[in-house]
Amino acid sequence: MIVKVLLPLALSEPFDYKTDEPIAGGALVEVPFGKEKMVGAVWQTDVKSSLDDKKIKKIIRVLPYPPLQKSLRNFVEFVAKYNMAPLGMVLKMVLSVKQVFGDAKMLKLYELSGKTLSEAKLKNSDARWRVIDFLKGGHIFARSEIAQGAGVSDSVIKTMIENGVLREVLQEDKKEFAQPICGFQKVKLNDEQQKAADYLCAKTGEGFGVTLLNGVTGSGKTEVYFEAVEKAFAAGKQVLIMVPEIGLTSQWLGRFEKRFGVCPCEWHSALTQKERVDNWKAVINNEVKIIIGARSALFLPFASLGLIVVDESHDASFKQEDVVNYQGRDMAVMRAKYEQLHIILSTATPDLETICNVESGKYEEVKLRSRYAAAQMPEVEIIDLKKDKPIKGDWGTSWLAPQLCQKLKDNLAKGEQSVLFLNRRGYAPLVICRDCGHKIECPHCSAWLTEHLRLGKLICHHCGYMTDIPSMCPECHSADGLCACGPGVERIAEEVKYRLPEAKIKVLSSDFVTNFKEVQKIIKEMEEDKIDILIGTQILAKGHHFPELTLVGIVDADLGLMGGDLRAAERTYQLLSQVAGRAGRGEKKGKVYLQTLHPENAVLQALVNGNAEEFLNLEKQTRKIMKMPPFGKLAAIIVSSVNKKEAEDCAIALGKTAFNDNGISTLGPAPAPIYMLRNKYRYRLLLKTAKNINIQNVAIQWLQRVKVPSNVRVEIDIDPYSFY
Ligand code: ADP
Ligand code: ZN
Ligand code: ZN
């Protein structure tokens, strides 16, 4: 019999293999590939091969896992086709933990053999009896556990093993997952919350459906969707909860534990290899029921998925721009569709795409309009930096308007917490020489280096290049010419320290994102009111709940509104309202100050008026007129090469052969805003089509018209989110 096996490689075609026994579709099999062995999935059974029979190799073995379900295989096909990625690379995201295919690690444990001490010709000693007492009744333990439990040294155990009183037992090294407990500690929902929860529960378990849970910050969305999670779980199903930045959710985990009595199983890049192995196996074997994960969790081989929740569903970090480009939120909806289940998109600031899907009736919506209990929405006020100019101090430039400084001081005097938000890491975004005008640039990218004073380094935020802060100008060698230009969070912290030396100040920046412990520590200190003023980047916008926080200052509300990004306004709106939403979540009312040079800007006005609808309508009109998503489709084409000329020629050739008719238009080629990135020259084109056109097909036909040299890469990004 011949079957087709898809391998986790950058290829779209499965290969033919022979098998003596019938094999189920989706079965995971080990096959010879070149000189190696590889694990893939049976993609098609009982096929007629066009190859010479002698050339077809035999499947080595079928792995002891349930086959990948048809729904998952269909989903993999869809993701590959929609995002124009090789099928094998999407499968690779499913089979992401190679180690689960090796032999399971065995643990050496010990039990009583039944042989007595005297039979073993050992003396009766207290220590030996303690070991026997510890193990009697059929207990099995590792050597170190016995030593500890019985309070004996390892040599006592060694003798007992050698003389046959203890017997070795091999057991698979497998993590036991504690199961969530239904109704462990239910919170009492208020009327509005209960209604929303009832609605979500009614939909859960009733086939495919998408519900937007649209509730203002602090309205209790988590508590509400937990009800649906419990319902699916009680029905014996698995639940996937997708969150943007997993490392930052110790608060979330704490709440889950309080509600369900155990911690959920996690899935994200910060897991150890052992954890990845345990969790992957537990998911496919249906041993774990509730998984909280980053976008990559979407590709786990769930055995009995019953509900998906996408928390903070507006978050742009659900979009992956890596080997396979995909929008995790949208793909989650598709997975729900293939699995025929309910998916909840939970957010305070839904994206325009989602809103349009609600309006067209594709998605349902439930709203939570008020904050939980006594908490009120914060008041938002604009500080016009043209009128209320920051006043220079002895330490140098200032970035905080006198009004904001005064409010910070008052808040400190009242003993309440404040947050300052600036979406710029480091000390200064640019270092410039006053004597010769030289700006320090990354040697690998067309981008300035950011000064990180805390680390004593200049860092490129695009490629990670890092160098010591030079003592003199690399160009004119002036010893005191170099100066920092513009503020980053570290510099704001410096100013606040000068202005309010008695305040306890901390900086929370996404530089630490790799250092989860540090982030958790600062968040915990903030929660426990051990920090007066927290200064941070967008990391602050992520769902944190600080009950004592009453003042939020947005240092530069204009940042992010500039630039050619189609979602700039929307994203700024989301980011600023999320940050603003951190204020006043406890009993005291919160106040938010926005520093800006453009007080009349529609985004900022919408924040002041708390009128999201007005802003979104405006945004919708603009995109409608320009036929931008969700009213049209976009695909970005990025041409890059270490060879400048070849990149340019290829981009020009693509431009010349581009379609421009009947609902299809192409912009570019143009040098990318970051023209050089990691030593590669980059050009961009943007394909735009009407909504009813299959943009993937257009792109395929177009790319076929151009021959791409081997050292030029042409990358396609469907529904692009970044345009650098
Ligand atoms: P959101 O996700 O909508 O911003 P959260 O779910 O984080 O809101 O809820 C905000 C705070 O209010 C949390 O501390 C949460 O535990 C609390 N809360 C919300 N609803 C209830 C409830 N019904 N009973 C007790 N506490 C609640
Ligand atoms: Zn760089
Ligand atoms: Zn100089």
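Quick notes on this one:
- Against the numbered list (1) more than 16 Å from ligand 1 (Cβ to nearest atom); (2) over 30 Å from HIS268 (Cα atoms); (3) touching a strand residue (DSSP E or B) at 6+ places or on another chain (Cβ under 7 Å), HIS342 comes up short only at (2).
Each row is one residue, and each column tells you yes or no for (1) over 26 Å from ILE383 (Cβ atoms); (2) at pLDDT below 95; (3) more than 16 Å from ligand 2 (Cβ to nearest atom).
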position: ARG425; (1), (2), (3): no, yes, no
position: HIS444; (1), (2), (3): yes, yes, no
position: TRP448; (1), (2), (3): yes, yes, no
position: ARG454; (1), (2), (3): yes, yes, yes
position: TYR465; (1), (2), (3): yes, yes, no
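- Selection status of GLU176, in a loop (DSSP other than H, G, I, E, B), closer than 30 Å to GLU364 by Cα, more than 16 Å from ligand 1 (Cβ to nearest atom) and open to solvent by 70 Å² or more (accessible area, probe 1.4 Å): no
- Entirely in segment 207-313, the helices (runs of 4 or more DSSP H) that have 1 or more residues that are open to solvent by 10 Å² or more (accessible area, probe 1.4 Å) and aromatic (Phe, Trp, Tyr): 221-234, 250-260
- Per the listing GLY486, GLY481, the residue uniquely open to solvent by 10 Å² or more (accessible area, probe 1.4 Å) and of a type in the set (Gly, Ala, Ser) is GLY486.
- Residue in segment 406-417 that is under 32 Å from the mean Cα position of the chain (by Cα), within 16 Å of ligand 1 (Cβ to nearest atom), open to solvent by less than 60 Å² (accessible area, probe 1.4 Å) and in the same structural domain as VAL555 (by TED's automatic domain parsing) present: yes
- Check on ILE246, modelled with pLDDT under 95 and within 15 Å of the chain's Cα centre (by Cα): yes
- Residue match in segment 540-549 (condition: open to solvent by 10 Å² or more (accessible area, probe 1.4 Å), among the charged types (D, E, K, R) and touching a helix residue (DSSP H, G or I) at 6+ places or on another chain (Cβ under 6 Å)): yes
- Residue within segment 475-488 that is within 16 Å of ligand 3 (Cβ to nearest atom), in contact with a Lys or Arg (Cβ under 6 Å, 6 or more places away or on another chain) and not in a strand (DSSP E or B) present: yes
- Single unsatisfied condition, SER144 versus (1) open to solvent by 80 Å² or more (accessible area, probe 1.4 Å); (2) part of a loop (DSSP other than H, G, I, E, B); (3) more than 27 Å from SER304 (Cα to Cα): (2)
- For segment 623-643, a residue qualifies if it is assigned to a helix (DSSP H, G or I) and surrounded by 14 or more Cβ atoms within 10 Å (Cβ to Cβ), and exactly one does: ARG623.
Every residue, every condition in (1) in contact with a Gly (Cβ under 7 Å, 6 or more places away or on another chain); (2) not in a loop (DSSP other than H, G, I, E, B), yes or no:
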position	(1), (2)
PRO67	yes, no
ASN74	no, yes
PHE78	no, yes
TYR82	no, yes
VAL90	no, yes
VAL100	no, yes
ALA104	no, no
LYS108	no, yes
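- Single residue of LYS457, LYS504, LYS497 found to be surrounded by fewer than 19 Cβ atoms within 10 Å (Cβ to Cβ) and in contact with a Lys or Arg (Cβ under 9 Å, 6 or more places away or on another chain): LYS504
The values are calculated or read from the model by the stated rules, or taken from the named source; none is laboratory data. Computed from a prediction, not measured in an experiment: that's the story for all the values here. Heads up, the Cβs are rebuilt from the backbone with ideal geometry, glycines too, and the neighbour counts pull from every protein chain shown. Surface areas here come from the heavy atoms of the whole protein model, side chains and all, with no ligands, DNA or RNA. Shrake-Rupley method; radii C 1.70, N 1.55, O 1.52, S 1.80 Å.
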